[in-house]
1. Would you tally the residues in region A:116-142 being at pLDDT 90 or above, part of a helix (DSSP H, G or I) and in contact with a strand residue (DSSP E or B) (Cβ under 8 Å, 6 or more places away or on another chain)?
2. Restricting region B:34-44 to residues that are at the interface with another protein chain (Cβ under 8 Å from one of its Cβ atoms) and within 9 Å of the chain's Cα centre (by Cα), which is nearest to residue B:98 (Cα to Cα)?
3. How many residues, within region A:102-112, are within 11 Å of chain B (Cβ to nearest Cβ) and either modelled with pLDDT under 90 or crowded, with 23+ Cβ neighbours inside 10 Å (or both)?
4. Being within 11 Å of the chain's Cα centre (by Cα), surrounded by fewer than 19 Cβ atoms within 10 Å (Cβ to Cβ) and either at pLDDT below 90 or within 11 Å of chain A (Cβ to nearest Cβ) (or both): is that true of residue B:4 here?
5. So, residue A:153, is that one in a loop (DSSP other than H, G, I, E, B), within 15 Å of residue A:71 (Cα to Cα) and touching a strand residue (DSSP E or B) at 6+ places or on another chain (Cβ under 9 Å) or not?
6. So which of B:44, B:21, B:67, B:11 ends up being in contact (Cβ under 8 Å) with a residue 40 or more places away in the chain, surrounded by 14 or more Cβ atoms within 10 Å (Cβ to Cβ) and in contact with a helix residue (DSSP H, G or I) (Cβ under 8 Å, 6 or more places away or on another chain)?
7. If a residue has to be in a loop (DSSP other than H, G, I, E, B) and under 14 Å from residue B:86 (Cα atoms) to count, how many in region B:20-43 make the cut?
């Protein structure tokens with residue numbers, strides 16, 4: 001069971017992360033008590049869902065530590081991006097924040113996973129907002145143009 | 001940075017009262033737009049629940065409003081009024097004030 005795996009969240013399709021299983025998956029709940037049983041590492045924009053069964057386990061592990069604080073987001077809601085968006089996850093006192101230089105949004109959470117999930121919700125929500133009309137300042141119109149160009153129809 | 005002085009509810013209240021930002025209900029995050037002259041200029045996200053805002057999140061909120069953390073401090077503490085906020089946005093070229 002040891003090794004690197006890619007995991008896709010079925011509940012929010014934009015979630016594609018790579019996970020490193022440090023011990024046997026059966027030991028992971030115990031590992032949670034001692035330390036992280038799984039670690040997220042930077043995603044290489046693959047959508048392999050073969051380890052989807054580990055997702056629930058991932059959610060139960062609160063102290064996952066990122067090997068590399070960079071992740072790539074490949075979806076905005078259900079829509080795939082031609083080029084992934086890179087985000088960085090940092091600690092922010094006792095919480096975590098996920099940010100990207102590309103958009104004026106952030107994700108906030110008590111754990112790194114929560115911050116990533118929050119960022120993805122924010123990205124989707126921002127996209128829904130800017131889709132509504134064209135009554136935006138030029139920088140927002142540029143973001144809209146960028147997303148329209150980068151989303152696979 | 002005076003993030004420790006304000007919790008998420010304080011920030012939301014100031015944005016609503018001073019900048020007329022209307023936050024969307026529902027979801028885990030609360031979003032609202034600052035609108036000027038019928039155009040959406042800046043969009044702020046405030047995490048739900050009454051909790052203190054850590055420094056990077058605080059700075060991100062200021063960045064979302066296109067102002068410095070110092071100006072964000074002023075906005076929350078009171079001296080920065082909506083008029084002054086608009087003036088700052090105009091100075092940085094985000095909006096155009098009428099002559």
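1. Number satisfying all stated conditions: 13.
2. Among those residues, the one meeting the criterion is B:42.
3. So the first thing to find is which residues in region A:102-112 are within 11 Å of chain B (Cβ to nearest Cβ), and the list is A:103-110.
If we keep only those that are either modelled with pLDDT under 90 or crowded, with 23+ Cβ neighbours inside 10 Å (or both) as well, we get A:105-108, A:110.
Qualifying residue count, region A:102-112: 5.
4. On the way: within 11 Å of the chain's Cα centre (by Cα): no; surrounded by fewer than 19 Cβ atoms within 10 Å (Cβ to Cβ): yes; either at pLDDT below 90 or within 11 Å of chain A (Cβ to nearest Cβ) (or both): yes.
So residue B:4 does not fit the description; no.
5. Values: in a loop (DSSP other than H, G, I, E, B): yes; within 15 Å of residue A:71 (Cα to Cα): no; touching a strand residue (DSSP E or B) at 6+ places or on another chain (Cβ under 9 Å): yes.
Spelling it out, it is not the case that residue A:153 is in a loop (DSSP other than H, G, I, E, B), within 15 Å of residue A:71 (Cα to Cα) and touching a strand residue (DSSP E or B) at 6+ places or on another chain (Cβ under 9 Å).
6. Values: B:44 fails: in contact (Cβ under 8 Å) with a residue 40 or more places away in the chain; B:21 fails: in contact (Cβ under 8 Å) with a residue 40 or more places away in the chain; B:67 fails: in contact (Cβ under 8 Å) with a residue 40 or more places away in the chain.
Just one listed residue meets the conditions, B:11.
7. Residues of region B:20-43 that are in a loop (DSSP other than H, G, I, E, B), as a first pass: B:20-21, B:24-28, B:37-38.
Subset that is under 14 Å from residue B:86 (Cα atoms): B:20-21, B:37-38.
Matching residues across region B:20-43 total 4.
The values are calculated or read from the model by the stated rules, or taken from the named source; none is laboratory data. The shown structure was predicted, so the numbers you read here are calculated from the model rather than taken from an experiment. Virtual Cβ from ideal backbone geometry, glycine too; neighbours counted across all protein chains shown.
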